[in-house]
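K.L.:
Would you mind keeping the following structure in view while I ask a few things?
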Amino acid sequence: MSAAEAAGDPGCAEDCAPCDGEDPEQCLFVKISTKAPKAVHMAFHNLGWLPVADAPQDDSNAWWSICWKGHFKVGEYERALPHQRINHFPKAGCISRKDHLLRGMRKAHAVHGAIYNICPQAFVLPSEYTRFCDEYASQPEDKKATWICKPHNSSQGRNIFIIQNLHDLSYDSQYVIQKYVDRPLLISGYKFDLRIYVLTTSVHPLKVYIYRDGLARFSSDKYDMNSLDNMYSHLTNTSINKHVGLSGERKSAVGAGCKWSLMQLQEYTEQSGGSWDKLWQRIKNVCVLTMLLLVQSVPKGTEACFELYGVDVIIDDQLKPWILEVNSGPAMGLDEQVDRAVKIPLLEDTVRLIGSTPTARQHVMKQQAAESKRRRPRLNSKPAQEPKVAASPPVLGGFEQAFPFDDESAGLSASMADDSGAFKSVVDMIRDKEIAMNGTKVHIRASSACNKTSRTRPRPGSSAVNRQGRGTTGRTSSGLKSSTLDAVKASSRTNESRATSNRMFDTQSEVSSVRTSCGLKSSTIEAMKRSQQLSSNRMTASRQHGSTSSRGVARSSMLDR
């Protein structure tokens with residue numbers, strides 16, 4: 001099926017000439033799945049792209065420039081030619097699966113501190129059921145948090161439920177239970193979240209673009225925490241709300257349909273006296289922080305890949321954005337007029353930004369022809385020394401470059417995968433941006449274990465040391481309670497001191513050659529201690545009996561030992 005047929009173009013018949021009579025070398029071809037959304041077909045057709053079936057039928061695999069489908073095999077990434085682009089990264093599930101995103105956010109928060117406090121607290125069930133129960137039990141009975149439960153790899157609001165009582169928790173597959181943002185920003189009493197479109201054109205080095213327009217998706221009923229079973233009040237998924245009849249009150253407040261464009265939301269915010277620029281910068285920051293997680297998971301050698309993500313963001317009543325989830329294949333349905341106004345230009349600008357040209361394809365095909373003359377069947381990989389076609393500056397359209405945001409971050413981008421210091425420097429830059437916007441000054445947490453230990457160890461004589469009988473019940477990252485862990489450490493220190501005192505009085509033949517934590521052998525340490533003891537004895541004897549007798553005393557003490 002061609003792009004024109006998918007778009008419903010009546011002027012395209014089955015007997016159309018290949019390339020519509022144009023020179024194939026001047027045309028651009030797309031390898032697109034028949035299951036791709038209609039909006040994707042329309043965008044390529046509007047830009048003049050043709051399906052690869054219209055290309056000359058020869059043995060060359062170089063005619064197509066963009067491949068757009070749902071899933072790819074590893075071999076398809078490896079066989080891609082230098083001018084060809086594929087619309088998914090391998091191992092990008094590190095952010096597009098809810099459970100993987102949760103683990104990535106935890107690791108980043110443990111290393112970089114509260115700057116990564118951008119995702120509500122969550123647990124993976126059933127593997128973390130005990131940790132969730134500990135968190136639930138630590139809350140006061142009259143102030144229990146609300147939790148929302150989602151399947152770890154589902155979409156479109158399927159099988160989601162909300163609980164406040166632990167007895168209501170029931171699941172038959174892997175779920176992610178997330179603390180519910182129970183004080184969201186409302187418009188006329190209705191809850192909404194944002195669908196932000198983020199385009200990543202490269203991971204090594206990381207290049208991130210954010211589309212200025214997007215969608216604000218509304219619930220059908222007014223927000224009410226007293227009716228947790230009413231999904232039309234708490235869920236904003238279009239697949240749930242698009243079939244619900246809207247009341248007159250809601251139409252007057254939000255309008256027809258269940259969506260706004262971000263442009264409408266920006267206008268509403270400014271008319272209400274809010275600062276859209278400040279809110280938009282915070283949204284960009286949390287999106288970039290999320291995309292940074294790709295650097296540690298996506299392998300190198302994926303220059304042929306790009307990906308358009310749909311990032312779901314909710315704003316609380318303090319105007320803080322929270323990442324809810326990341327969609328690797330955002331819905332491109334055209335159910336409402338606002339969908340056509342946002343998604344078709346989005347896809348067209350995505351294709352333009354990728355920057356495929358017939359000239360780049362011709363350059364590769366000439367190389368293939370030269371290789372064929374040398375009896376090499378195909379061009380397996382891009383040689384490092386081959387001449388490159390001069391790249392034209394990217395056509396941003398409705399996108400704006402979110403990362404790198406300056407020359408310094410651009411220099412660090414290529415080395416973030418191998419250099420943790422470069423990654424930390426980039427995170428610190430984003431932290432500085434937050435502080436510069438008069439945001440909350442977040443605590444900077446050191447990543448080394450020794451610094452963490454020195455901060456948590458109480459000083460002698462402090463109140464923390466004197467409260468020996470009042471251990472805490474909170475569990476540490478190892479799964480043990482704090483009181484249990486303290487007891488283990490105290491026992492370990494007692495045993496270590498006893499072993500050290502015993503080694504001081506052992507004979508020389510029993511000295512171990514095992515190295516201690518300071519890097520010296522046990523025998524070396526014991527020899528140093530004996531030498532220090534001998535010197536001390538000599539000085540004492542010298543003060544009591546004079547220099548002459550001190551030598552004899554020292555000699556006798558040596559014999560005694």
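K.L.:
Quick one: how many Å² of Cys119 are accessible to a 1.4 Å probe, rounded to 10?
P.N.:
20
K.L.:
Between beta-carbons, use under 15 Å as the cut-off and find the net charge around Leu353, counting Lys and Arg +1, Asp and Glu -1.
P.N.:
-1
K.L.:
Determine the alpha carbon to alpha carbon distance for each of Lys144/Lys191; Lys73/Lys284; Lys191/Lys278; Lys73/Lys259; Lys73/Lys300; Lys69/Lys300 and list only those over 28 Å.
P.N.:
Long pairs (Cα-Cα over 28 Å): Lys73/Lys284; Lys73/Lys259.
K.L.:
Next up: Hey, can you grab everything whose amide H is under 5 Å from the amide H of His88? Only 5+ residues off in sequence or another chain; H modelled, so Pro and N-termini drop out.
P.N.:
Answer set, sorted by chain and number: Phe306.
K.L.:
Return the FRET efficiency for the residue pair Arg131, Ser227: r is the Cβ-Cβ distance, R0 is 25 Å, and the value is rounded to the nearest 0.05.
P.N.:
0.30
K.L.:
Something else: Once you list every other residue whose beta carbon is under 13 Å from the beta carbon of Lys284, what net charge do they have if Lys and Arg are +1 and Asp and Glu are -1?
P.N.:
+1
K.L.:
Something else now. Please provide three numbers in whole Å: the alpha-carbon extents of the range 204-344 along the principal axes, with the largest listed first.
P.N.:
54, 33, 32
K.L.:
How many Å² of accessible area per residue for the range 162-265, probe 1.4 Å?
P.N.:
I get 40 Å² per residue for this part.
K.L.:
May I pose another question? Using the beta-carbon distance between Arg212 and Asn153 and R0 = 35 Å, what value does 1/(1 + (r/R0)^6) give for FRET efficiency, to the nearest 0.05?
P.N.:
0.70
K.L.:
Pop out the ³J(HN,Hα) list for the range 198-203 in order, Karplus 6.51 cos²θ - 1.76 cosθ + 1.60 with θ = phi - 60°, rounded to Hz; leave Gly and Pro as x.
P.N.:
The phi angles translate into 10, 9, 10, 8, 6, 10 Hz.
K.L.:
Can you give the local net charge around Ser173? Use residues other than it whose beta-carbon is closer than 15 angstrom to its beta-carbon, Lys and Arg +1, Asp and Glu -1. All intermediate terms of the calculation are to be shown ahead of the outcome.
P.N.:
Details: positive: Arg97, Lys98, Lys150, Arg158; negative: Asp99, Glu128, Asp172.
Overall, the nearby charge balance is +1.
The values are calculated or read from the model by the stated rules, or taken from the named source; none is laboratory data. In this text the structure is predicted, and so the values were computed from the model without any measurement. With ideal geometry, Cβ positions are generated from the backbone for all residues, glycine too; neighbour counts draw on all protein chains shown. Heads up: the accessible areas ignore ligands, DNA and RNA and are worked out on the full protein's heavy atoms, side chains in. Shrake-Rupley method; radii C 1.70, N 1.55, O 1.52, S 1.80 Å.
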